[in-house]
Amino acid sequence: MSNSGYYTRRSAVRLLDKVMEDGRLLNDLIQSGGLSKLEPADRARAQRLALDTLRNLERADRVLQKHMKKTPDLHVHNVLRLATVELCLGGAAHGVVNDAVNIIAKNKRTAGMKGLVNAVLRKVDDKGRAEWDKLRVPRLPKWLRKPLAQAYGAETMLGIEAAHFAGAPLDLTVKEDAEGIAEAVGGVVLPNGSVRIADAGQVTALAGFKQGQWWVQDAAASMAARVLNAQPGEAVLDLCAAPGGKTMQMAAAGATVTAVDDSASRMERLEENLKRVQLDATVVVGDVMAQEGQYDAILLDAPCSATGTIRRHPDLPFAKDGSEFGDLIGLQEVFLDHAIGLLKPGGRLVFCTCSLLPDEGEVQVEEAAERWADVTVDREAILIDGVDPTWVTEEGGLRLRPDYWAEQGGMDGFYVAMLRKGE
C-alpha cells in the first residue's frame with residue numbers, strides 16, 4: 001500500500017480512539033481539524049473507514065474474539081477493528097494488514113504488539129469473511145437500547161437497528177422543481193418532496209449545487225418547517241437554527257426570518273449556506289433565552305440527545321453514555337416555555353428534536369400543554385404530504401423513526417409538534 005493508505009488508516013484509528021476514549025463526536029473532531037493534514041480524497045476515505053468501523057463494531061468484535069485470548073488496550077483494539085471491517089468487507093489483505101502492523105509498530109507504546117496484530121489479522125483474513133454475513137445486525141449499546149425498546153417494543157427496535165446498520169442516503173431540500181433536480185442528480189422525489197440520492201459521491205459536484213438550487217437536509221428534518229408552513233411576510237424566529245436547513249426553507253417561502261444559535265462557527269456556516277442558495281435571513285449569534293420580541297411563528301429545534309441521527313452518526317452511541325440527557329431534557333423545557341412567551345396571540349410554534357426518546361418529544365409537548373392554558377396542540381397541521389396518519393402520537397405530535405420508509409432508505413428519528421397560542 002502507498003503511504004497515503006497508511007496515513008489514511010492511521011487517521012481513521014485516531015478518530016476512533018477519540019470517540020471511544022474521550023467521548024468526542026466525529027463531526028466535532030473533523031471540524032476542529034482532525035483530518036486536515038490529509039488530501040481531500042484521503043480525508044473522505046478516512047472518515048468513511050471510521051464510520052464503517054463504528055457501524056460494524058459489534059461484528060468486528062465478534063470476529064476478533066475468536067482469535068484473541070484477551071482484549072488488548074483500546075488503541076490496539078481499534079486498529080484491529082478497523083482492519084477487520086476492511087478485510088470482511090472485501091479489502092485487499094496485503095495493504096490492510098501491512099498498514100495495521102505499521103500503525104502498531106511505529107508507536108513506541110504498542111510496538112511490542114505488532115506480532116499479535118499480524119497473526120490475528122491473518123486469521124481474520126482466512127476465516128473472518130465467511131463468518132461476517134452470518135452475524136446479526138449490530139445492536140445499540142444497552143444504555144440506549146433499553147429505553148428505546150421500552151418505548152417502541154422489541155420488533156420495532158430491530159427495525160430501527162437495521163436502519164442504523166444500512167446507513168443513510170443523501171437527501172436534498174429543493175427551492176423549486178424537485179422533479180427536475182431529481183433527474184439532474186440521479187435521485188428520486190420522496191413523498192414529502194425531498195430529493196433522495198442513493199450514492200451521491202462528492203456533494204459539491206452535484207448538479208445545482210453551485211447555482212444554489214438545493215441544500216442537504218434529511219427528509220425527516222425537513223418536515224418541521226413544512227409543518228410550520230411559514231407565509232410570505234410573516235415574522236418568523238428560528239431558534240437553535242444552525243446549520244440552517246430550516247432557516248432556508250422558511251426564507252424560501254418568503255418569510256422574514258431571524259435565525260438564532262449560540263455557536264459562532266455553526267452560524268458562519270449558516271451564512272455561507274444562505275449566500276450560496278441566494279436567500280436572506282437575519283443571523284444572530286446568541287443565547288435563546290436572551291431573545292425578545294413577538295413573532296407570528298417560531299421554530300424551536302431544541303438541543304437534544306440526537307439519538308434519531310445514528311444512521312448517519314454511528315459514533316454517537318459510543319461517544320455518549322446518556323448521562324447528560326437529563327440536563328438536555330430540562331433545557332428543552334426552559335427553551336420551550338421561553339419560546340411560547342415570544343409568540344404573538346394567535347401565533348404558532350413548532351417544537352422539534354432529532355431524538356427517539358419520548359422524554360425529548362411527546363412528553364415535552366404533553367407537559368407544555370398542561371403548563372400553558374392558552375396553548376393547544378394542532379393535530380391537523382402535522383398531516384403534511386408524505387406523513388402517514390399512524391405516525392401521529394396520542395398528544396398530537398408527529399413521531400418519525402428510522403425504520404419508516406425502510407424500502408426507500410429510511411429517515412432520521414425526529415419528533416415534530418405544532419402548538420398554537422390563543423388569541
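The values are calculated or read from the model by the stated rules, or taken from the named source; none is laboratory data. Owing to the predicted nature of the structure, the values given are computational and were not obtained by experimental measurement. Cβ sites come from the backbone with ideal geometry, for glycine too, and all protein chains shown count toward neighbours. Heads up: the accessible areas ignore ligands, DNA and RNA and are worked out on the full protein's heavy atoms, side chains in. Shrake-Rupley method; radii C 1.70, N 1.55, O 1.52, S 1.80 Å.
For V283, the residues whose amide H sits under 5 Å from its own are A259, ignoring neighbours fewer than 5 places away on the same chain, with H placed 1.01 Å from N. Looking at the chain, the accessible area is 44 square angstrom per residue; that uses a 1.4 Å probe and ignores ligands, DNA and RNA. Restricting the calculation to Cα atoms, the range 290-348 yields a radius of gyration followed by a Dmax of 15.0, 44 Å.
Over the chain, Cα pairs under 8 Å with separation of 6+ residues give a relative contact order of 14 percent.
Of E324, E58, E234, which is the most mobile in a GNM of the chain whose springs link Cα atoms less than 10 angstrom apart? In the Gaussian network model the winner is E324. Of the peptides 224-233, 339-348, the ranking by mean beta-carbon count within 10 Å, highest at the top, reads 224-233, 339-348. Compare D403, D28, D321 in a GNM of the chain, Cα atoms joined below 10 Å, and give the one with the largest fluctuation. Evaluated over the chain, the most mobile residue of the options is D28.
Counting only alpha carbon atoms, the long axis of helix 93-105 and the longest principal axis of the chain meet at about 90°. With the biggest extent put first, the Cα atoms of the chain measure 74, 46, 39 Å across the principal axes. Probe radius 1.4 Å, ligands and nucleic acids ignored: give me the carbon and sulfur share of the accessible area of the chain as a rounded percent. Carbon and sulfur together cover 48 percent of it. Assuming a ≥ b ≥ c are the square roots of the Cα gyration tensor eigenvalues, decide whether the range 116-183 counts as rounded (a/c under 1.5), prolate (otherwise, with a/b larger than b/c) or oblate. The shape class here is oblate.
With +1 assigned to the C-beta of every Lys and Arg and -1 to the C-beta of every Asp and Glu, and no other charges, what is the dipole magnitude of the chain about the Cα centre in debye, to the nearest 20? Walk me through the intermediate numbers first.
Values: 50 positive and 60 negative charges, 596 e Å.
I would put it at about 2860 debye.
The phi-based Karplus calculation (6.51 cos²θ - 1.76 cosθ + 1.60; θ = phi - 60°) puts the 3J(HN,Hα) values of the range 161-178 at 5, 5, 5, 4, 5, 6, x, 10, x, 9, 10, 10, 9, 9, 5, 6, 6, 4 Hz, whole numbers, x for Gly and Pro. Would the range 298-423 count as rounded, prolate or oblate if I go by the C-alpha gyration tensor, calling it rounded below 1.5 in a/c and otherwise prolate when a/b exceeds b/c, oblate otherwise? Here the range 298-423 falls in the oblate category.
Can you tell me how the range 1-64 classifies by the Cα gyration tensor, rounded, prolate or oblate, using a/c under 1.5 as the rounded cut? Oblate, because a/c is 1.5 or more while a/b does not exceed b/c. Checked against a 26 Å cut-off, the cross-linked pairs K69/K106; K106/K134; K320/K421; K70/K134; K37/K142; K70/K106 give Cα-Cα distances beyond that limit for K106/K134; K320/K421; K37/K142. Across the range 155-298, the relative contact order, built from alpha-carbon pairs under 8 Å that are at least six residues apart, equals 20 percent.
Extending 7 Å from the Cα toward the beta-carbon at both A111 and K127 defines two label points whose distance is 3.2 nm. Calculated [222 nm] ellipticity per residue, helices only, for the chain: -13500 deg cm²/dmol; basis is -39500 (n - 2.57) per DSSP H run with n ≥ 4, divided by all residues, nearest 500. Annotation: amide H of R24 within the under-5 Å range of V19, sequence separation 5 or more or interchain, hydrogens built in the peptide plane.
Distance from the C-alpha centroid of the range 326-384 to that of the range 61-126: 48 Å, rounded to the whole angstrom. Between R311, R196, R122, the GNM of the chain built on Cα springs shorter than 10 angstrom shows R122 fluctuating the most.
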